[in-house]
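K.L.:
Here it is, the structure, as C-alpha coordinates.
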Amino acid sequence: MKSLRLAACITFLFPLLAHAQIPVSDVDLKRFYARVGASFIYPDDNNTSLKYHIFQDWNLYRTEWHIEDDVGWNISGVWRPLPYFGVELMYTDGANFNLRLDHLKGRPGYERIDFGRFSASSANLFINWYMMDLECLGQPYLGIGLNYSDFYDGDLTTEFQDFLIDSDIASGPSDFGMSHSWGASAQLGIDWRLGRGMARSWLINAAVIYTDANADTIVTYTSNPGYQRLYSDFEVNPWTLNLGITYEF
(Lines give C-alpha, C1' and ligand atoms only; values in the text may rest on other atoms or scores of the structure.)
Protein backbone atom coordinates (compact mmCIF):
# COMPACT_ATOMS: atom_id res chain seq x y z
CA MET A 1 0.00 0.00 0.00
CA LYS A 2 2.84 2.41 0.82
CA SER A 3 4.46 1.79 -2.56
CA LEU A 4 1.13 2.35 -4.29
CA ARG A 5 0.72 5.73 -2.60
CA LEU A 6 4.17 6.82 -3.71
CA ALA A 7 3.56 5.55 -7.24
CA ALA A 8 0.31 7.51 -7.36
CA CYS A 9 2.16 10.72 -6.44
CA ILE A 10 4.73 10.14 -9.16
CA THR A 11 2.09 9.19 -11.75
CA PHE A 12 0.18 12.38 -10.98
CA LEU A 13 3.28 14.55 -11.16
CA PHE A 14 4.82 13.48 -14.47
CA PRO A 15 1.92 14.53 -16.76
CA LEU A 16 2.00 17.97 -15.14
CA LEU A 17 5.72 18.25 -15.76
CA ALA A 18 5.29 17.22 -19.37
CA HIS A 19 2.73 19.98 -20.07
CA ALA A 20 4.32 22.78 -18.04
CA GLN A 21 5.32 25.81 -20.08
CA ILE A 22 8.98 26.71 -19.54
CA PRO A 23 9.87 30.25 -20.66
CA VAL A 24 13.55 29.76 -21.46
CA SER A 25 14.01 33.53 -21.67
CA ASP A 26 13.40 33.70 -17.91
CA VAL A 27 16.40 31.52 -17.04
CA ASP A 28 18.19 32.80 -13.92
CA LEU A 29 21.13 30.67 -12.84
CA LYS A 30 21.61 32.76 -9.68
CA ARG A 31 18.18 32.15 -8.11
CA PHE A 32 18.74 30.19 -4.89
CA TYR A 33 16.68 29.49 -1.76
CA ALA A 34 18.01 28.56 1.69
CA ARG A 35 15.61 26.91 4.13
CA VAL A 36 15.70 25.78 7.76
CA GLY A 37 12.95 24.39 9.95
CA ALA A 38 11.48 21.65 12.14
CA SER A 39 10.53 18.16 10.95
CA PHE A 40 7.63 16.26 12.54
CA ILE A 41 8.25 12.63 11.61
CA TYR A 42 5.54 9.95 11.67
CA PRO A 43 6.86 6.44 10.82
CA ASP A 44 4.38 4.18 9.02
CA ASP A 45 5.39 1.06 10.94
CA ASN A 46 3.51 -1.80 9.27
CA ASN A 47 6.47 -4.10 9.68
CA THR A 48 7.38 -7.74 9.70
CA SER A 49 8.08 -9.53 12.94
CA LEU A 50 11.38 -10.53 14.49
CA LYS A 51 12.87 -13.71 13.01
CA TYR A 52 15.60 -16.18 13.86
CA HIS A 53 18.30 -17.56 11.62
CA ILE A 54 17.69 -20.75 13.60
CA PHE A 55 14.21 -20.86 15.12
CA GLN A 56 14.34 -20.78 18.92
CA ASP A 57 11.35 -19.05 20.47
CA TRP A 58 7.77 -18.64 19.17
CA ASN A 59 7.01 -15.76 21.56
CA LEU A 60 9.28 -13.34 19.73
CA TYR A 61 8.66 -14.68 16.23
CA ARG A 62 5.08 -13.35 16.13
CA THR A 63 5.78 -9.84 17.45
CA GLU A 64 5.32 -6.59 15.52
CA TRP A 65 7.19 -3.28 15.66
CA HIS A 66 5.74 -0.01 16.87
CA ILE A 67 7.80 3.15 16.26
CA GLU A 68 6.93 6.31 18.16
CA ASP A 69 6.81 9.70 16.41
CA ASP A 70 9.51 12.29 16.98
CA VAL A 71 10.65 15.79 16.00
CA GLY A 72 13.92 16.69 14.26
CA TRP A 73 15.27 19.56 12.20
CA ASN A 74 15.88 20.11 8.50
CA ILE A 75 17.98 22.33 6.28
CA SER A 76 17.84 22.57 2.50
CA GLY A 77 19.06 24.51 -0.49
CA VAL A 78 17.04 25.05 -3.67
CA TRP A 79 18.40 26.04 -7.08
CA ARG A 80 15.57 27.37 -9.23
CA PRO A 81 17.01 28.33 -12.63
CA LEU A 82 13.59 28.30 -14.31
CA PRO A 83 10.37 29.87 -12.98
CA TYR A 84 8.58 26.53 -12.82
CA PHE A 85 11.39 24.11 -11.99
CA GLY A 86 13.95 23.71 -9.23
CA VAL A 87 16.40 21.24 -7.71
CA GLU A 88 16.35 20.82 -3.92
CA LEU A 89 18.85 19.11 -1.64
CA MET A 90 17.41 18.51 1.85
CA TYR A 91 19.03 17.12 4.99
CA THR A 92 17.04 16.01 8.05
CA ASP A 93 18.49 14.96 11.42
CA GLY A 94 17.90 15.12 15.16
CA ALA A 95 15.13 12.50 15.44
CA ASN A 96 15.39 9.77 18.10
CA PHE A 97 12.76 7.04 17.92
CA ASN A 98 11.58 4.70 20.67
CA LEU A 99 10.74 1.14 19.63
CA ARG A 100 8.18 -1.22 21.12
CA LEU A 101 7.27 -4.84 20.39
CA ASP A 102 3.53 -5.60 20.30
CA HIS A 103 1.70 -8.96 20.35
CA LEU A 104 4.33 -10.58 22.52
CA LYS A 105 3.16 -14.10 23.40
CA GLY A 106 3.86 -15.93 26.63
CA ARG A 107 3.14 -12.96 28.93
CA PRO A 108 -0.64 -12.96 29.65
CA GLY A 109 -1.97 -9.48 30.31
CA TYR A 110 1.30 -7.89 29.19
CA GLU A 111 1.69 -8.39 25.45
CA ARG A 112 4.06 -5.54 24.70
CA ILE A 113 7.58 -4.62 25.73
CA ASP A 114 9.82 -1.58 25.26
CA PHE A 115 12.44 -2.80 22.80
CA GLY A 116 14.94 0.03 22.38
CA ARG A 117 15.66 3.21 20.48
CA PHE A 118 17.54 4.47 17.45
CA SER A 119 18.45 7.74 15.72
CA ALA A 120 17.92 8.56 12.06
CA SER A 121 19.08 11.10 9.51
CA SER A 122 18.17 11.42 5.84
CA ALA A 123 19.13 13.28 2.68
CA ASN A 124 16.68 13.93 -0.16
CA LEU A 125 17.41 15.14 -3.68
CA PHE A 126 14.19 16.50 -5.23
CA ILE A 127 13.19 17.84 -8.62
CA ASN A 128 10.41 20.33 -7.89
CA TRP A 129 7.70 21.70 -10.17
CA TYR A 130 6.36 25.12 -9.13
CA MET A 131 2.75 25.79 -10.14
CA MET A 132 2.61 29.60 -9.93
CA ASP A 133 4.49 32.55 -11.39
CA LEU A 134 7.44 33.97 -9.49
CA GLU A 135 5.50 37.13 -8.61
CA CYS A 136 2.77 35.26 -6.74
CA LEU A 137 2.93 35.41 -2.96
CA GLY A 138 2.09 31.71 -2.70
CA GLN A 139 4.53 29.28 -4.36
CA PRO A 140 3.09 25.71 -4.17
CA TYR A 141 5.23 22.92 -5.57
CA LEU A 142 5.40 19.17 -6.15
CA GLY A 143 8.61 17.18 -6.01
CA ILE A 144 9.91 13.68 -6.64
CA GLY A 145 13.33 12.47 -5.68
CA LEU A 146 15.82 10.06 -4.20
CA ASN A 147 16.29 9.42 -0.48
CA TYR A 148 19.20 8.13 1.56
CA SER A 149 18.44 7.30 5.22
CA ASP A 150 20.98 6.38 7.87
CA PHE A 151 19.91 4.60 11.06
CA TYR A 152 22.40 4.71 13.91
CA ASP A 153 22.89 4.66 17.71
CA GLY A 154 20.70 1.57 18.07
CA ASP A 155 20.25 0.61 21.72
CA LEU A 156 18.24 -2.04 23.57
CA THR A 157 16.33 -1.34 26.77
CA THR A 158 17.27 -3.11 29.97
CA GLU A 159 13.74 -4.55 30.02
CA PHE A 160 14.20 -6.32 26.68
CA GLN A 161 17.69 -7.56 27.51
CA ASP A 162 16.35 -9.02 30.77
CA PHE A 163 13.50 -10.65 28.81
CA LEU A 164 16.01 -12.43 26.53
CA ILE A 165 17.91 -13.73 29.54
CA ASP A 166 14.79 -14.72 31.54
CA SER A 167 13.45 -16.59 28.48
CA ASP A 168 16.72 -18.55 28.20
CA ILE A 169 17.30 -17.06 24.74
CA ALA A 170 20.41 -15.11 25.72
CA SER A 171 22.99 -15.70 28.41
CA GLY A 172 24.45 -12.18 28.47
CA PRO A 173 24.26 -8.63 27.06
CA SER A 174 22.77 -8.01 23.59
CA ASP A 175 23.39 -5.40 20.88
CA PHE A 176 21.06 -3.77 18.35
CA GLY A 177 22.12 -2.53 14.92
CA MET A 178 20.44 -1.21 11.75
CA SER A 179 21.57 -0.71 8.16
CA HIS A 180 21.12 2.31 5.88
CA SER A 181 18.47 2.68 3.17
CA TRP A 182 18.08 3.96 -0.40
CA GLY A 183 14.59 4.70 -1.73
CA ALA A 184 12.25 7.08 -3.52
CA SER A 185 10.60 10.13 -1.99
CA ALA A 186 7.88 12.63 -2.91
CA GLN A 187 6.77 15.95 -1.48
CA LEU A 188 4.01 18.54 -1.67
CA GLY A 189 4.88 21.96 -0.30
CA ILE A 190 4.34 25.69 -0.40
CA ASP A 191 6.50 28.78 0.12
CA TRP A 192 4.52 31.90 1.09
CA ARG A 193 6.14 35.31 0.73
CA LEU A 194 5.82 37.61 3.73
CA GLY A 195 5.17 40.60 1.48
CA ARG A 196 6.50 42.81 -1.29
CA GLY A 197 9.52 45.07 -1.37
CA MET A 198 12.08 44.42 1.37
CA ALA A 199 10.06 41.48 2.74
CA ARG A 200 9.92 39.74 -0.63
CA SER A 201 13.01 37.62 0.05
CA TRP A 202 11.52 35.98 3.15
CA LEU A 203 9.04 33.10 2.86
CA ILE A 204 7.30 30.72 5.25
CA ASN A 205 7.52 27.08 4.17
CA ALA A 206 5.39 24.01 4.81
CA ALA A 207 5.82 20.63 3.13
CA VAL A 208 4.56 17.06 3.48
CA ILE A 209 7.07 14.37 2.48
CA TYR A 210 6.71 10.63 2.02
CA THR A 211 9.86 8.50 2.07
CA ASP A 212 10.33 4.85 1.11
CA ALA A 213 12.89 3.81 3.74
CA ASN A 214 13.63 0.16 4.50
CA ALA A 215 16.49 -1.28 6.54
CA ASP A 216 17.74 -4.54 8.02
CA THR A 217 17.87 -4.86 11.80
CA ILE A 218 19.96 -7.31 13.79
CA VAL A 219 19.97 -8.14 17.49
CA THR A 220 23.17 -9.95 18.41
CA TYR A 221 23.09 -11.80 21.72
CA THR A 222 25.24 -14.26 23.62
CA SER A 223 24.09 -17.83 24.21
CA ASN A 224 25.65 -21.03 25.44
CA PRO A 225 26.69 -22.21 21.92
CA GLY A 226 28.11 -18.75 21.10
CA TYR A 227 26.71 -15.63 19.44
CA GLN A 228 23.23 -15.76 17.88
CA ARG A 229 21.08 -13.24 16.01
CA LEU A 230 17.52 -12.00 15.67
CA TYR A 231 16.76 -10.11 12.48
CA SER A 232 13.93 -8.28 10.71
CA ASP A 233 13.13 -6.40 7.53
CA PHE A 234 12.52 -2.96 9.02
CA GLU A 235 10.09 -0.66 7.19
CA VAL A 236 10.12 2.89 8.55
CA ASN A 237 8.51 4.65 5.53
CA PRO A 238 7.88 7.93 7.37
CA TRP A 239 5.48 10.75 6.60
CA THR A 240 7.17 14.04 7.51
CA LEU A 241 5.70 17.49 8.04
CA ASN A 242 8.29 20.24 7.57
CA LEU A 243 7.66 23.77 8.87
CA GLY A 244 10.31 26.42 8.35
CA ILE A 245 11.56 29.72 6.99
CA THR A 246 12.96 30.26 3.50
CA TYR A 247 15.24 33.03 2.26
CA GLU A 248 15.49 33.78 -1.47
CA PHE A 249 18.79 35.13 -2.74
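The values are calculated or read from the model by the stated rules, or taken from the named source; none is laboratory data. Since the structure is predicted, the reported quantities are computational estimates derived from the model, not experimental observations. Neighbour counts run over all protein chains shown; Cβ positions are idealised from the backbone, glycine included. What goes into the accessible areas is simple: the full protein's heavy atoms, side chains included, and nothing from ligands, DNA or RNA. Shrake-Rupley method; radii C 1.70, N 1.55, O 1.52, S 1.80 Å.
K.L.:
Using C-alpha positions alone, give me the convex hull volume of the range 120-249 per residue in cubic angstrom.
P.N.:
118
K.L.:
Given a 1.4 Å probe and heavy atoms of the protein chains only, how would you sort Val87, Val78, largest accessible area at the top? Each step should come with its number before you reach the end.
P.N.:
Numbers: Val87 60, Val78 0 Å².
Largest accessible area first, the list is Val87, Val78.
K.L.:
Work out the length of the dipole vector of the range 127-192 about its Cα centre, built from +1 on the beta-carbon of each Lys and Arg and -1 on the beta-carbon of each Asp and Glu, and round it to the nearest 20 debye.
P.N.:
Details: 0 positive and 11 negative charges, 81 e Å.
Dipole magnitude for the range 127-192 comes out near 400 debye.
K.L.:
Please get the size of the charge dipole for the range 117-249, origin at its Cα centre, with Cβ charges of +1 on Lys and Arg and -1 on Asp and Glu, quoted in debye to the nearest 20. Working shown, then result.
P.N.:
Values: 5 positive and 16 negative charges, 145 e Å.
Dipole size: approximately 700 debye.
K.L.:
If you don't mind, another one. On the first, second and third principal axes, largest extent first, how far apart are the outermost C-alpha atoms of the range 74-180 in Å?
P.N.:
Taking the Cα atoms of the range 74-180, the three principal extents are 66, 27, 18 Å.
K.L.:
Additional query: Show me the trypsin sites (Lys or Arg not before Pro) within the range 129-214 that DSSP assigns to loop and that have at most 10 other Cβ atoms within 10 Å of their Cβ.
P.N.:
Answer in residue order: Arg196.
K.L.:
With point charges of +1 on the Cβ of Lys and Arg and -1 on the Cβ of Asp and Glu, referenced to the Cα centre of the range 69-222, which listed residue (Cys136, Ser122, Leu101) lies farthest in the positive direction of the dipole?
P.N.:
Toward the positive end, the furthest listed residue is Cys136.
K.L.:
Hey, another quick one. Residue by residue, what Karplus-based ³J(HN,Hα) values in Hz, rounded to whole numbers, does the range 71-80 have, using 6.51, -1.76 and 1.60 with θ = phi - 60° and x for Gly and Pro?
P.N.:
10, x, 10, 9, 9, 8, x, 10, 9, 10
K.L.:
Rounded to the nearest 20 Debye, what is the dipole magnitude of the range 74-134 about its Cα centre when Lys and Arg each give +1 and Asp and Glu each give -1 at the C-beta? Numbers along the way, then the final one.
P.N.:
Working: 6 positive and 6 negative charges, 71 e Å.
In debye, rounded to 20, the range 74-134 gives about 340.
K.L.:
Set Lys and Arg Cβ to +1 and Asp and Glu Cβ to -1, take the dipole of the range 167-249 about its Cα centre, and tell me which of Ile169, Tyr231, Gly195 lies farthest positive.
P.N.:
Gly195
K.L.:
Now a separate question. When only the heavy atoms of the protein chains count and the probe is 1.4 Å, how do Glu248, Glu135 rank by accessible area, highest first? Walk me through the intermediate numbers first.
P.N.:
Working: Glu248 15, Glu135 115 Å².
Output order, biggest surface exposure first: Glu135, Glu248.
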